[in-house]
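Student: Here it is, the structure, as structure tokens.
Values in this text are rule-based calculations from the coordinates and carry no lab data. None of these values were measured; they are calculated from a predicted model. Heads up, the Cβs are rebuilt from the backbone with ideal geometry, glycines too, and the neighbour counts pull from every protein chain shown.
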Amino acid sequence: MMAWRRWLVAVSLLLCAAALQAQPVSLADLARHAQYKDVKISPDGKYLAATAVVDGRTVLALIRLSDKKGNIVRPREEDDVTSFWWVSPTRVVYAVGTRIGGYDSPLATGELFAVNADGSGTKMLYGYRKGGMSTGSHIQRAVSERGSARFIAAIPHDPEHMLVAVSRWDAAGFERALPIAYRMDVRDGIKNKIITAPMRGARFVADHQGRIRFAYGDDNDGNEQVYLHPVDGDGWQLLPELSANHSTPIAFNRDDSAAYFSCPAPGAYGICRWDPAKKSLAVVWSNPTVEARGLLQGLADNSVMGVGFMDGRTGTALFDARSVDAQTLLALMKQFPGESVRFVSGTRDGSRSVVLVEADADPGTFVLYDAKAKKLTPLLARESWIDPEQMASKQPFDFSARDGMKLHGYVSYPPGKENAKHLPLVVFVHGGPFGIRDDWNFDPDVQAMATRGYAVLQVNYRGSGGYGYAYEHAGWREWGGKMQDDVTDATRWAIAQGIADPNRICIFGGSYGGYAALEGAVKEPDLYKCAIGYVGVYDLPLMYHRGDIPQSTYGEAYLKRQLGDDMTVLAQHSPIDQLGALKAHVMLVVGGRDTRVPPIQGLSLHQALAARHIAHEWLFKPDEMHGFYDEANRAELYTKLLQFLDANIGAGTVNASTASTGP
């Protein structure tokens with residue numbers, strides 16, 4: 001794995017990058033935003049487009065490969081570029097989002113923009129902040145509209161148009177309306193209606209001829225629905241068998257002769273191939289433990305070569321190991337042993353491809369592959385200042401919970417102490433909770449703790465994503481119940497394995513993980529010496545009244561379905577109502593502008609602790625949201641987090657207490 005980093009000199013084509021450092025990584029460097037996120041090559045191979053972070057904002061970088069010159073497209077106001085697509089060799093469409101914090105992705109504004117590959121011709125195609133007047137024509141003009149647009153697909157044979165889905169906002173706010181698919185002009189945003197979705201919140205899947213073929217989504221009860229729109233038909237057809245077994249369309253193959261679905265397989269999770277003529281599914285890949293993470297891009301744009309999955313470490317399954325695409329990928333994987341290697345973008349003819357090489361200790365580097373010359377050229381390192389040789393590695397593990405359910409997770413050891421025993425342990429609980437999982441990836445939060453001497457345990461408790469519908473569904477209405485027991489069982493597993501010193505364990509998490517940290521401390525008062533709640537929920541009934549989730553009927557239905565609506569039970573599982581059992585030292589981290597978990601959650605617990613004269617560490621940033629985004633604030637968080645850990649479970653005085661300070 002490290003051979004790659006030894007000879008790689010990351011080339012910054014547009015933005016300046018810091019050099020690799022010889023000394024151990026600093027907390028300030030771990031707090032820095034990744035410089036590059038995604039890179040895609042134009043269909044003709046002449047340009048690159050990349051999302052890059054400049055002055056704390058995610059911008060779109062457009063780079064001409066012939067001379068490495070380019071331009072930066074900055075979104076307006078305080079937006080970030082969230083995603084982008086080449087819709088022709090010379091035109092890029094991009095979406096923007098409003099930042100809601102460092103812990104969650106930016107919230108999409110529903111606006112679409114387009115720009116030429118040379119940086120000219122920037123145009124807002126759709127959005128509520130677009131000015132203009134309707135002409136009364138039957139052709140709908142790109143005027144200001146209260147709605148959200150979502151990119152569906154480019155149309156290879158029609159470079160002047162793309163497919164988009166538009167959902168209008170009702171008078172009550174951001175509700176899920178019936179999406180409408182349009183063919184939109186990428187030059188000016190003029191759009192023509194194709195079809196209306198058969199259900200609220202549906203997503204469309206199109207073939208490469210620009211035809212909408214599927215719509216799918218969940219109803220308000222969480223039941224999946226899949227609809228087919230036949231090429232020779234004039235309406236939607238519900239596919240009840242596919243809906244009932246949670247099969248979901250993903251994409252069509254390159255020549256539209258078949259479509260791929262995520263699907264169940266006998267005793268496993270799978271990817272199926274759908275035959276349009278027979279309207280039937282055939283399993284082409286399955287795994288008894290995990291779902292597919294998606295289809296693997298081949299050398300050429302829109303080509304499919306296999307399946308990617310995360311069964312502990314990154315896995316690759318190829319449909320035809322003898323194909324040119326597969327042989328090329330296998331050869332590249334041999335050059336970078338121990339790392340994840342995949343094509344992320346390709347030209348239309350497959351002559352040039354962008355490859356991403358990454359690992360648990362490596363944030364990743366984008367590389368250009370020339371198929372004719374069989375040559376690799378380094379392009380952009382996501383975080384060039386990180387030296388993978390100094391980072392902690394993640395070791396997958398699995399075990400059985402108390403009720404026999406098999407669970408999966410990761411242990412990160414301090415570098416050089418992979419075989420050490422009785423280490424101070426931080427149980428790091430992921431947020432979500434549903435549909436989210438911990439991965440074998442580079443995680444700066446984990447690295448901040450592991451490189452400072454702490455073992456870090458992460459568990460994908462029931463409710464987590466990636467392990468099938470039943471695994472996720474098993475977590476519904478289990479806040480403080482079986483989901484919490486899974487975290488406890490993982491902690492006890494680490495003790496039984498000799499990894500953790502039973503007297504030096506702390507629990508930490510953000511969002512739902514913040515809830516689990518404090519709930520763990522009151523439910524298992526003798527297990528954890530300290531608990532750190534980061535933008536967490538501590539009063540479950542309050543979730544029905546404060547925050548952005550209950551502001552829509554869909555959000556209310558989500559809470560009732562997956563949190564539960566018995567307020568007595570919710571109060572019994574709320575840390576703020578169980579402080580009489582608390583023994584652990586506590587640290588609370590709150591953002592004053594958090595809309596997902598409003599600051600009243602943390603402030604109320606802060607005041608309740610103070611009323612009981614329970615000393616605790618308090619870190620409040622009035623301008624931060626759902627997780628700290630500002631690099632200086634993130635570095636401060638890491639510093640205070642480690643000071644708190646050192647005081648409670650570090651090599652020094654384990655029982656040291658910390659003083660409370662006001663917001």
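Student: Output the relative contact order of the chain, whole-number percent, from Cα pairs under 8 angstrom with separation of 6+ residues.
Tutor: 10 percent.
Student: With a cut-off of 8 Å between alpha carbons and a minimum separation of six or more residues, what is the relative contact order of region 41-196 in percent?
Tutor: Relative contact order here is 14 percent.
Student: Now for a different question. Measure of size requested: the Rg and Dmax of region 203-346, with Cα atoms as the atom set and Å as the unit; please supply both.
Tutor: Here Rg and the maximum Cα pair distance are 16.1, 51 Å.
Student: Starting from the coordinates of the alpha-carbon atoms of region 468-518, obtain the Kirkwood hydrodynamic radius over all distinct pairs and give the value in Å to one decimal.
Tutor: 12.2
Student: What does the charge count near T51 come to, summing +1 for each Lys or Arg and -1 for each Asp or Glu among other residues with Cβ under 11 Å from its Cβ?
Tutor: It works out to a net charge of +2.
Student: Nearest 5 is fine: what % of DSSP beta bridges in region 392-649 come out antiparallel, could you say?
Tutor: Percent antiparallel among DSSP bridges in region 392-649 is about 35.
Student: Right, next: Name the helices (complete DSSP H segments) of the chain with a Cα length along the long axis of 15 Å or more and a Kyte-Doolittle mean of at least 0.0, or state none.
Tutor: TM-like helix candidates: 324-335, 512-523, 600-611.
Student: While we're here: Using DSSP to define loop residues, name the trypsin sites (Lys or Arg not before Pro) in region 559-596 whose beta-carbon has at most 15 other beta-carbon atoms within 10 Å.
Tutor: Filter output for region 559-596: K583, R593.
Student: Do any trypsin sites (Lys or Arg not before Pro) in region 221-321 lie in a loop, going by DSSP, with at most 15 other beta-carbon atoms within 10 Å of their beta carbon, and if so which?
Tutor: Here the sparse-neighbourhood loop sites are R254, K278, K279.
Student: Using the Kirkwood formula over every pair of different C-alpha atoms, what hydrodynamic radius in Å results for region 41-196?
Tutor: Radius from the Kirkwood sum: 16.2 Å.
Student: Quick one: net charge of G453's neighbours, Cβ under 10 Å, K/R +1, D/E -1?
Tutor: Neighbourhood net charge equals +1.
Student: If you rank H422, H585, H161 by fewest surrounding Cβ atoms within 10 Å, what's the result?
Tutor: In order of increasing Cβ crowding within 10 Å: H422, H161, H585.
Student: What does the charge count around D501 come to, taking other residues whose C-beta lies under 15 Å from its C-beta (Lys +1, Arg +1, Asp -1, Glu -1)?
Tutor: +3
Student: By counting other Cβ atoms within 10 Å of each Cβ, how are Y269, Y515, Y544, Y36 ranked from fewest to most?
Tutor: Sorted ascending by nearby Cβ count, the order is Y544, Y269, Y36, Y515.
Student: When a footprinting reagent is the concern and you count Cβ atoms within 10 Å, what order do M333, M625 take, fewest first?
Tutor: If I rank by nearby Cβ atoms, fewest first, I get M333, M625.
Student: Two decimals is fine: what's Rg over Rh for region 392-649, C-alpha atoms, Kirkwood radius as Rh?
Tutor: Result: Rg/Rh = 0.94.
Student: If Rh is defined by the Kirkwood formula over all Cα pairs and Rg also comes from Cα, what ratio Rg/Rh do you get for the chain?
Tutor: 0.95
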